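One structure is given here, and the rest of the page talks about it.
The values are calculated or read from the model by the stated rules, or taken from the named source; none is laboratory data. No experiment lies behind these values; they were computed from the predicted model shown. Neighbour counts are summed over all protein chains in view; Cβ atoms, including those assigned to glycine, are modelled from backbone coordinates with ideal geometry. The area values use the complete protein model at the heavy-atom level, side chains included, leaving out ligands, DNA and RNA. Shrake-Rupley method; radii C 1.70, N 1.55, O 1.52, S 1.80 Å.
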Amino acid sequence: MPTVSVGRDRLFAALGRTYTQEEFEEVCFSFGIELDDVTTEKAIIRKEKHLDDDAVDEDEEVIYKIEVPANRYDLLCLEGLAQALLVFSREEEVPTYKLANLSKESMIKMHVKPETSSIRPHVVCAVLRGVTFTEASYNSFIDLQDKLHQNICRRRTLVAIGTHDLDTLQAPFTYEALPPSSINFVPLKQAKNFGADELMEFYRSDLKLKKFLHIIENSPVFPVLYDNNRTVLSLPPIINGAHSAITLKTKNVFIECTATDLTKAKIVLNTIVTAFSAYCERKFEIEPVEVIYSDGKSYIYPDLSIYNMDVSLSYVNGTIGVSLEAEEVTDLLNRMQLRAEQSVSGDITVFVPPTRSDILHPCDVMEDVAIAYGYNNIPKRKPASLKPLALNELTERIKLEIAMDGFTEVLTFILGSWRENFAMLNRKDDKSKAVVVGNPRSSDFELVRTSLMPGVLKTVGHNKDHPKPIKIFEVGDIALLDEKKDVGATNRRQLAALFCGATSGFELIHGLVDRVMESIGAAFVPIGDDSGYFIKPSDEPEFLPRRQASIIYKGKNIGTFGIVHPEVLNNFDIPDPCSFVELNIESLL
């Protein structure tokens, strides 16, 4: 989960009171987050530089590292965290975010050129007016952008954020895509003018920015934003222009997010403006921007609309395991920044604010009710049914029997190579069994195994120097093509066991088969009798001829055992003789 580093004293000032470390840990636990570490700024620097000096200066600022849920983007900065805790503790009401009351004619315009559709087709914008930055809030503003870039923005591949001092720019703005050679500007923290193609080379040695070059460097056009004077705002997703850099003196902040994913761009913009509109002259008020596309369509951003979600009270109570009245549930949801009220039907209507992009389903609402109620306060009860599935019950019983016979359980990869699954076992692929992986990462993971044999033999091959005998077994699923299934394939639970020693141990594997069948109550019967099980000669290419047999149970062939063919052993680099059995457990039910 993401970790947010906040100054303890500044956090307590925002919360309006101080806590002991134990008290604050309890507050975090109650809210569903965790105080992960307590350190200092200098201690972090010492750790990064691998210095051993652990002496703590009393004047050092204490830093709280707080783990927050990965989908709670509103908690990635001190401002959002403090706001959420204040509402949770009933110190403040849920804030109402609103757009400034402007006519469409007086709104700032962002014109999008059609060429951008080939590289980063979307842009969303907003303005924060009358902002008052301190050094701490300014640093928090920058840090939030970094965290969003690493998190929901997927390292700027989906969304890139640009923030600018609006007073240094002249609206309206344009979002264009131009050849690199025609883009020239002074980038952030630089003093000289660069062409966009020059910047690509310049930033190859930059530890931070070189990670983002691949996003656009091979494109014939680069995305770029201009103001009305053709001043470059930014070259997303690489760098902003130096001309519009924000400072502590900035009062009006223009925010633009270019993206390949419009939904995530809206979430990112909402997260930034809702958190930092608290520093605006008109608290929680955001100035909208009209984005106009070349086809004439226009959109107003940010979208701060609240949407309604109806949640069944019985679903909430039944899932959590409590008996709460509607009034109690609405009160708990209000503490989680979700306004709620009882509907006419007696259920709950939840008004999801723009800060809570994580609320997608009634289960998310139910989870917030459980958090606010307190997990430790939920009464303990036994689930309605503790009875395992019959297949799992049988599997565990068989595993116990085999372990008691001195075999060690192994777990091998479900994915494997075509060569291991067929050629190395002397088998031919008739294309009717194996589920093939599309575009595999490597040849080692080309298909889903159709047998447990390759994995077990590989285990022995990698441990051939282990003292003999080696007695191992595996119980796991294989996958086979099946046109009758809606997904085109079916899983089957298999049992495999192997003996490797100075002799083949064929009689031991045969005995293990008899023990497994005895454990399920199957009697050994003459050939042709379908009331129990019997064995008959088989002719499988992975086993030695005339040293193998099929297991027939109630008239069905459920498996094969025998001495592994020397060619197969050689393919897996196994120098000692082995006997092997594999059977289908589901057929024993």
Exercise for the section: Return one whole number: the accessible area per residue of segment 482-589 in Å², for a 1.4 Å probe. Expected result: 49 Å²
Problem - J(HN,Hα) series, segment 412-419, from Karplus relation 6.51 cos²θ - 1.76 cosθ + 1.60, nearest Hz, glycine and proline x - result: 10, 5, 6, 8, x, 8, 4, 4
Completion exercise
On the formula 1/(1 + (r/R0)^6), with r taken between the Cβ atoms of T319 and N377 and R0 of 25 Å, the FRET efficiency rounded to 0.05 is 0.95
Problem - Cβ crowding within 10 Å averaged over residues, with 31-38, 274-281 ranked highest first - result: 274-281, 31-38
Exercise for the section: With percent of Cα pairs over 40 Å apart in mind, check [x] 42; [y] 39; [z] 52 and report the label derived from this structure. Expected result: [z]
Fill in the blank from the handout: Note on segment 170-221: contact order normalised by length, alpha-carbon pairs under 8 Å, 6 or more apart, percent, works out to 31 percent
Handout entry: Angle between the chain longest axis and helix 390-404 axis [Cα atoms, degrees, rounded to 10]
Key = 60 degrees
Exercise for the section: For E446, enumerate residues with amide H under 5 Å from its amide H, sequence gap 5+ or separate chain, H modeled in the peptide plane. Expected result: G416, S417, W418
Practice task
Enumerate lysine pairs in segment 432-561 that are 8 or more residues apart or on different chains, then count those whose Cα atoms are under 15 Å apart.
Solution key: 5
Exercise for the section: Write down, largest first, the equivalent ellipsoid semi-axes of segment 411-470 in whole Å, where each equals the square root of 5 times an eigenvalue of the alpha-carbon gyration tensor. Expected result: 24, 13, 9
Practice task
With the Cα gyration tensor of segment 517-570 in hand, convert its eigenvalues to equivalent ellipsoid semi-axes via √(5λ) and list them largest first in whole Å.
Solution key: 25, 11, 8
Fill in the blank from the handout: Reported to the nearest 10 Å², K98 has, with a 1.4 Å probe, an accessible area equal to 110 Å²
Handout entry: Descending semi-axes in Å of segment 221-318, equivalent ellipsoid built from Cα gyration tensor
Key = 32, 19, 13
Handout entry: Karplus-derived 3J(HN,Hα), 6.51/-1.76/1.60, for each residue of segment 453-466, Hz, glycine and proline x
Key = 4, x, x, 5, 5, 4, 4, 5, x, 6, 10, 5, 8, 5
Fill in the blank from the handout: Excluding residues fewer than 8 positions from K431 in its own chain, the aspartates and glutamates with Cα under 16 Å of it are E420, E446, D482, E483
Handout entry: Alpha-carbon Rg with Dmax, taken over segment 287-375, Å
Key = 16.5, 55
Completion exercise
Taking the chain and counting helices only, DSSP H stretches of n ≥ 4 at -39,500 (n - 2.57) each over all residues, the nearest-500 ellipticity at 222 nm comes to -8000 deg cm²/dmol
Exercise for the section: Would you mind calculating the relative contact order of the chain from Cα pairs under 8 angstrom and at least 6 residues apart, reporting the percent as a whole number? Expected result: 11 percent
Practice task
State the percentage of accessible surface on segment 463-522 attributable to carbon and sulfur atoms; use a 1.4 Å probe and exclude ligands, DNA and RNA.
Solution key: 48 percent
Problem - Partnerless Cys - the chain, beta-carbon criterion under 4.7 Å - result: C28, C77, C125, C153, C257, C280, C363
Problem - R0 of 51 Å, Cβ-Cβ distance E61-A489: FRET efficiency to nearest 0.05 - result: 0.35
Handout entry: Cross-link partners of K211 among lysines (Cα-Cα below 30 Å; sequence separation of 8 or more within a chain)
Key = K42, K47, K49, K65, K113, K147, K189, K192, K264, K266
Practice task
Report in % the part of the accessible area of segment 184-293 that belongs to carbon and sulfur, leaving out ligands and nucleic acids; probe 1.4 Å.
Solution key: 50 percent
Completion exercise
Cβ-Cβ cut-off under 14 Å around E446, Lys and Arg +1, Asp and Glu -1: the net charge is +2
Practice task
Could you give the C-alpha radius of gyration of segment 354-477 expressed as a fraction of 2.2 N^0.38 Å, taking N as the number of residues it contains?
Solution key: 1.65
Handout entry: Shape metrics for segment 445-512, restricted to C-alpha atoms - Rg then Dmax, Å
Key = 15.1, 48
Handout entry: Within the chain: Cβ-based charge dipole about Cα centre, in debye rounded to nearest 20 (Lys, Arg +1; Asp, Glu -1)
Key = 1560 debye
Handout entry: Rel. contact order, % - alpha carbon contacts under 8 angstrom, at least six apart, segment 146-267
Key = 40 percent
Problem - Simple label model, 7 Å out from Cα along Cβ direction - E281 to T3, nm - result: 4.1 nm
Practice task
Please give the helix 362-373 orientation as an angle from the longest Cα principal axis of the chain, in degrees from 0 to 90, rounded to the nearest 10.
Solution key: 80 degrees
Fill in the blank from the handout: Heavy-atom accessible area per residue of segment 126-280, all protein chains kept, 1.4 Å probe, expressed in Å², is 40 Å²
